[in-house]
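The values are calculated or read from the model by the stated rules, or taken from the named source; none is laboratory data. The structure displayed is predicted, hence computed values, not measured ones. All Cβ positions, even for glycine, are placed from backbone atoms using ideal geometry, and neighbour counts span all protein chains on display.
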């Protein structure tokens, strides 16, 4: 049976895999065995699953395929050891992931889509639009390949690479279920951060699942007028409705919301912007992550001076808003997502 008619076995939850094997006449425990081979031993061929009978391996090969990614390019920062990967999918499309090394362990930033339809004006990932969603298996293998290549465990995960995670909601939820499964990688979702440009309905859907992950909002402006210049999504969801959803998310989950704020010189980095942002976020249990904007050639946005960025942080702190300046990793390898894929295209 050709691949297009076979099922992506790595994208199945444990329960779904057990049901599928039972429907094929196999005992339920076989599902756990196959699941362990895929997500703990990271086996990429059914024939390598040595404790399975040959008759079952033949059935698996007829019914399923193992959807993997391959490392096509790897760049290592000479400054801080950050590793950037360009992955190639089985259909030839390419996405990026970045391993960032911290004292507490390795953090991996992964992609959730090939391209992006959100159109944010400062982002390289959205140039060329959305091609397709990533499957749960492809997102999982971004993690597995990074661990295999570095020889080190991923201790935290950031869904902040190419794509809008909440625009690929069902696949991302399945990915998180498999990622955190005790029979799989068993990564606590408290070590996962999901970044969104602000799809309000999906924030409420995520809230209802009470997954325990950190919600990170790409805010990048203190008001609708500025936000609409750089983020088309804000024409559908204004800041009042977005911030209301964030407050509701904290009330329901108890998880502090993080706001990403890329400082663009002359656009959103003035004292007035800092004061207005502080008013907007006043009383909210949140954290602001200030990011010197990545200078993408096609966009033309510039970053301000370090002194200006530090002043913005200080103005927020004076108004009791918890804000930090993101440590820039991999500066010598353009570690911000989207740029390596763009070059490869």
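Listing for the model above:
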{"item": "Residue within the stretch 265-277 that is closer than 20 Å to residue 192 by Cβ and out of contact with any strand residue (DSSP E or B) (no Cβ under 9 Å at 6 or more places or on another chain) present", "result": "no"}
{"item": "Yes/no for residue 169 being surrounded by fewer than 19 Cβ atoms within 10 Å (Cβ to Cβ) and under 14 Å from the mean Cα position of the chain (by Cα)", "result": "yes"}
{"item": "Evaluation of residue 141 against (1) surrounded by fewer than 19 Cβ atoms within 10 Å (Cβ to Cβ); (2) within 27 Å of residue 37 (Cβ to Cβ) (one fails), failing number", "result": "(1)"}
{"item": "Where residue 262 falls short, out of the listed (1) closer than 17 Å to residue 313 by Cα; (2) in contact with a strand residue (DSSP E or B) (Cβ under 6 Å, 6 or more places away or on another chain); (3) modelled with pLDDT of 95 or more", "result": "(3)"}
{"item": "Positions within the stretch 31-46 being farther than 17 Å from residue 139 by Cα and surrounded by 20 or more Cβ atoms within 10 Å (Cβ to Cβ), in sequence order", "result": "31, 34, 37, 46"}
{"item": "The stretch 64-90: number of residues that are within 30 Å of residue 19 (Cα to Cα) and surrounded by fewer than 17 Cβ atoms within 10 Å (Cβ to Cβ)", "result": "2"}
{"item": "The stretch 13-27, subset closer than 20 Å to residue 138 by Cβ and without any contact (Cβ under 8 Å) to a residue 60 or more places away in the chain, residue surrounded by the fewest Cβ atoms within 10 Å (Cβ to Cβ)", "result": "16"}
{"item": "Every residue from the stretch 28-46 that is touching a helix residue (DSSP H, G or I) at 6+ places or on another chain (Cβ under 8 Å) and either free of Cβ contacts under 8 Å to residues at least 12 places away in the same chain or outside any helix (DSSP H, G or I) (or both)", "result": "28, 42, 43"}
{"item": "In the stretch 91-112, residue surrounded by the fewest Cβ atoms within 10 Å (Cβ to Cβ) [restricted to those that are in contact with a helix residue (DSSP H, G or I) (Cβ under 8 Å, 6 or more places away or on another chain) and touching a residue at least 60 places away in the same chain (Cβ under 8 Å)]", "result": "94"}
{"item": "Any chance residue 158 is in contact (Cβ under 8 Å) with a residue 60 or more places away in the chain, part of a strand (DSSP E or B) and either within 15 Å of the chain's Cα centre (by Cα) or surrounded by 18 or more Cβ atoms within 10 Å (Cβ to Cβ) (or both)", "result": "no"}
{"item": "Candidate set from the stretch 303-322 (those that are touching a helix residue (DSSP H, G or I) at 6+ places or on another chain (Cβ under 6 Å) and in a loop (DSSP other than H, G, I, E, B)); member that is surrounded by the fewest Cβ atoms within 10 Å (Cβ to Cβ)", "result": "319"}
{"item": "Residue that is more than 27 Å from residue 214 (Cβ to Cβ), in contact with a strand residue (DSSP E or B) (Cβ under 9 Å, 6 or more places away or on another chain), touching a residue at least 24 places away in the same chain (Cβ under 8 Å) and outside any helix (DSSP H, G or I), where the choices are 72, 117", "result": "72"}
{"item": "Output for the stretch 1-22, where each listed residue is at pLDDT 95 or above and more than 18 Å from residue 68 (Cβ to Cβ)", "result": "13, 14, 15, 16, 18, 19, 20, 21, 22"}
